[in-house]
Every structure is written in structure tokens, then in C-alpha cells.
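Student: Quick one: the structure is below, and I'll ask about it shortly.
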Amino acid sequence: MITRPRTSSEATGRSRADDEAAPGAARTGHTGRAAAPAAVPTAIATRVVASPASQPTAGQGVAGQGVAGQGVAGQVAASQVVGAGAAGSAGGTGCEADPPDLDRILRDPTEPALHFQPVVDLQRGVIAGYEALARFDSHPGVSPDQVFAAAVRRGVAAELEARVLAAALVARDRMPERCFLAVNVLPHLLGEPPVAEVWRHADLRRIVLELNETVDLDETTELATITSELRDRGAFIAMDDVGSGYAGLRQIARVRPDFVKLDRSLVVNIDDDQVKIALTELVGGFASRLNGWVIAEGVERTDELAMLVALGVPLGQGFLLGRPKPDWQQLDAGVARRLRQLSERSDRAASIESLMERATVSIGDSGHCAMSADCPSCPMRAAAGPPGPPPDQGDEQNPRATIIVSNRCRPVALHVSGGGSDLRRMPTTLFARPEEPVTEVARRAMTRSRASRFDPVIVVTEMGRPLGLVRMESLMLRLAELST
């Protein structure tokens, strides 16, 4: 079972992208995704990589691109630039396409345009966020991958990258509330002046920066410093294409991403492949221990969707759930209903929300609360209004707890006090979504270190903001009730 503490046409060997993608198809973030054949990926120690036989072919893009799925992020960053001939034409015919006119693109301030594909909460049947996909309307016969590959060869990739990120920040401001916006970035370009100028002084709240996992992050200098700065600006970090690239689990451990996106090669036909199920549980369990959400990308078949829900994958993305569009689309009512039915069927126990108790939220030593408009209601807002009665200090059996948050409202510590004046501070070691099963939260809680095994669990929203906490005493009592 995979959870977030804190995410056909293939059956005939042909991707929907072959049948339905337009020539100027969207670019996921800025790199294409190919729907890999159903070859079984191989797990080697701490590596989760796709076997050579599972390398994508032209014209199988999840987002509709007719190019090699490794694209710019994997091939270019590793000095293996995808050429137009090797990638295939935009239509996937294997014919060599004309090279993109980069001068024309760079002269046009409207290029690239953004389309948005929904990222769906698979347990609740609602849209949790969107991914920004770049399109070059001036070059309908050239895939976005080829444009960025050409830009890398010419040395102007940072300029295009900066345009995508700047456009995403503008789009974020008109996005529906309580949703995030993901944009794909090449890690080695984050520190380049054109890109850094966009994000270094920007408000990055509700922005998810997807680092393409096919890039060897060991070769990206100062990545830890840059990702720390991005998080300080309010951004979330995602690891893209996990299961297809360099070091897999080792890279996850290094970056500690807030989101982990399963590569399409792990999702296609997962309902009929025990190895893919095991690998998905492996990556999901590892991400959960690091407080990361799992997103399954490239969901195209209802059987794949049913298996992902049964495995507890929190978030999903793909043609079955919504195609890229230039505006903010709503989830199809039939899809939402189906997801809720699948979730109810796979729910083996009561949710952790039933045990949640409200807690005081304090900014601690992190400065002043940003009071973001997209924050859920919390005691900090009440504290900003007229003074009320003093908070209950609790007693020895139920000590009062305060959740200490950063200035971006992310839990960083707990203050627990008893009936006296003693105050104990402890770090936050486990986050859970309100709908997570009690049994799964208890399992993960017991895998913590001995010193923190019985610390309270913090219940958070999709964006990581605190809703309350669950004490281990309540969790153990509920488990006892479920066992009788």
C-alpha cells in the first residue's frame, strides 16, 4: 500500500498518443514523455531503471508528443542530444523533420504557450493540481523536445527554460484555489542567470518544480543549495520520471522531494504485471518514509487506474484523467464518480481523520505567517482576530500540543505540554493525509526510529499545511478495535 505521509490502447501495443495527438503536441513541463512498451523494468540494489528493451519509441508520448520519451532532460543533460532524425518526426513516422527556427522563436515573446493537464487525487476524485505543458505554435510540425534539444546545442536552453517558468508563475496567479502547478525544469539550468533571475525573488508558493530524474544529479553542482533556496521561496520539489533514469532511489534520498512521479514505464499495464506492482510499492514506500507524495503519470486505462487506487497511490495524471488544454479544466464527473467508487472499495479501515484532534498552530521562531489566501482555516488566523479565551493547557493524560510551522505554514516541530509548566519540543517525523487508512499510518509510524516511534502524527493538506494531529495512544486503541 502506497500513501503520502505528508500520488487501452496499450493492450494492442499502440499508445493513444499515436492515434489522437496533434502534431504540435504538448510538452510535459518542457520535456516529452513517451509511453514505453510494456517491458519489465529491472531493480538493481538501490537503482530503479528501465531495461534497455523498455526505452520509448517515437510517437508514444503520454502528453501527446511524437518523440523519444527520454527527451531533452535525459539525453541532453548527459551529453546525448536527441537529434531530429533519432527522435523521429512529430508524427512518429521516422522521417526527419525540419530543424526549428530558434531565432524566430526567441523573437516571439508569446512562445512557448502553456497548456495544462490535471493531476488528480485518486482517493478523493478531485483535481489536486495541474502540470504546465509548453507548446510552440509557430512550429506545429516540430515537437517541443526537438526545440529544446536544438536550444541546448546552440546554448540558449536557459532562455527558453526561463520563459516557461515565468509563464507558469503568471498562470499560477489565475489557477483554481488549493491546487498546485507543476513545471518541468532541467536541474543544471536552475542556477543559470536567465532562469535564476525568474525564481530568485519570486513568490513560488503552489509551484512544483519537477527535476527530471533521467539527468544525473551528481553532475549538477550546488543542487542542494539551490533546492533549499527554492523551498525557502515556497516551492515544492518533485523528482520526475522515477524508474527510468540514473540512480532512482539514491537520487530520491539525496533530493528528498516533496513529490515523486512514477515513470510511465511502471504504470502501463501495471494491473497485469507483478514486477511493476512490486516496484511501484518499493518506490512509493521509500518516498513515503521521506514524506513525499507519489504521482503516477501516463494513466490511460481503467484497469491501470483501479490497480493504482488499490495500491494507495495518492495522485495520478494521464489521458484517462484529463488531456492538456489551454484553460483550467474540471474533472469529468464520470471519472470522479469512478474514483470515489474505487477508493471506497479499497478502503480497508477507517481513515486517520476520524482520530484527528485540533491543535494550536504557531509560527515559532520563523518570523511572521504569510497568511496565504490558499491556506485552510487554522488557529493562526483566529489568533489574528479578537482575543478569545486562553487555550486549554491539557492534562497529564491529554497534554496540549502546538504545531510549530515555518513562515510558509509547513510543520517543523511540536510543542507538547502537560498540566504543569513543562514544555517539550520534538521534531515532526511523520505526516499523513486525512483520508489515509489507520492501518497504513500505524505501519509507517512503527517503522520510525525508536526515539520517535510514539510521537504524534501530523495530519496535513495536499499542500503540506497542518490540519491537526493524531496521538499514538488513539491510533493503538483504534487498531485494537479493528482487530476484534
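The values are calculated or read from the model by the stated rules, or taken from the named source; none is laboratory data. Remember, predicted model here, so these are calculated numbers, not experimental data. A quick note on method: Cβ atoms are made from the backbone with ideal geometry, for glycine too, and the neighbour counts reach across all protein chains shown.
Student: Among the listed residues G468, G464, which satisfies the condition of being among the small types (G, A, S) and over 21 Å from V294 (Cβ atoms)? If you could, list the steps in order and put the result at the bottom.
Tutor: On the way: G464 fails: over 21 Å from V294 (Cβ atoms).
When all the criteria are applied, what remains is G468.
Student: Also: Working carefully through the options L331, L321, find the one that is assigned to a loop (DSSP other than H, G, I, E, B), among the aliphatic types (A, V, I, L, M) and surrounded by fewer than 20 Cβ atoms within 10 Å (Cβ to Cβ). Break it down into steps so the answer makes sense when it comes.
Tutor: Values: L321 fails: surrounded by fewer than 20 Cβ atoms within 10 Å (Cβ to Cβ).
Sole residue among the options that is assigned to a loop (DSSP other than H, G, I, E, B), among the aliphatic types (A, V, I, L, M) and surrounded by fewer than 20 Cβ atoms within 10 Å (Cβ to Cβ): L331.
Student: Among the residues that make up the stretch 415-432, is at least one of them touching a Cys at 6+ places or on another chain (Cβ under 9 Å), within 30 Å of I207 (Cβ to Cβ) and surrounded by 18 or more Cβ atoms within 10 Å (Cβ to Cβ)?
Tutor: Residues of the stretch 415-432 touching a Cys at 6+ places or on another chain (Cβ under 9 Å): none.
Within the stretch 415-432, not a single residue is touching a Cys at 6+ places or on another chain (Cβ under 9 Å), within 30 Å of I207 (Cβ to Cβ) and surrounded by 18 or more Cβ atoms within 10 Å (Cβ to Cβ).
Student: Can you pull out every residue in the stretch 258-315 that is among the aromatic types (F, W, Y) and either crowded, with 24+ Cβ neighbours inside 10 Å or outside the structural domain of F236 (by TED's automatic domain parsing) (or both)?
Tutor: Restricting attention to the stretch 258-315, the residues satisfying the condition of being among the aromatic types (F, W, Y) are 259, 286, 293.
Passing the criteria: F259, W293.
Matching residues to (1) out of contact with any His (no Cβ under 9 Å at 6 or more places or on another chain); (2) of a type in the set (V, I, T):
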site	(1), (2)
R424	no, no
T429	yes, yes
R443	yes, no
R448	yes, no
P456	yes, no
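Student: Write out, first by first residue and then by second, each pair whose Cβ atoms fall under 6 Å of each other, whose residues are 6+ apart or on separate chains, and whose first residue, in the stretch 407-432, is farther than 22 Å from N291 by Cβ while the second is at pLDDT below 90 and in a loop (DSSP other than H, G, I, E, B).
Tutor: Final answer for the pair search is G418/E396; G419/D395; G419/E396.
Residue by residue, here is whether (1) closer than 26 Å to D232 by Cβ; (2) over 24 Å from the mean Cα position of the chain (by Cα); (3) modelled with pLDDT of 90 or more holds:
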{"position": "S417", "(1), (2), (3)": "no, yes, no"}
{"position": "M426", "(1), (2), (3)": "yes, yes, no"}
{"position": "F431", "(1), (2), (3)": "yes, no, yes"}
{"position": "R443", "(1), (2), (3)": "no, no, no"}
{"position": "T461", "(1), (2), (3)": "yes, no, no"}
{"position": "V470", "(1), (2), (3)": "no, yes, yes"}
{"position": "A480", "(1), (2), (3)": "no, yes, no"}
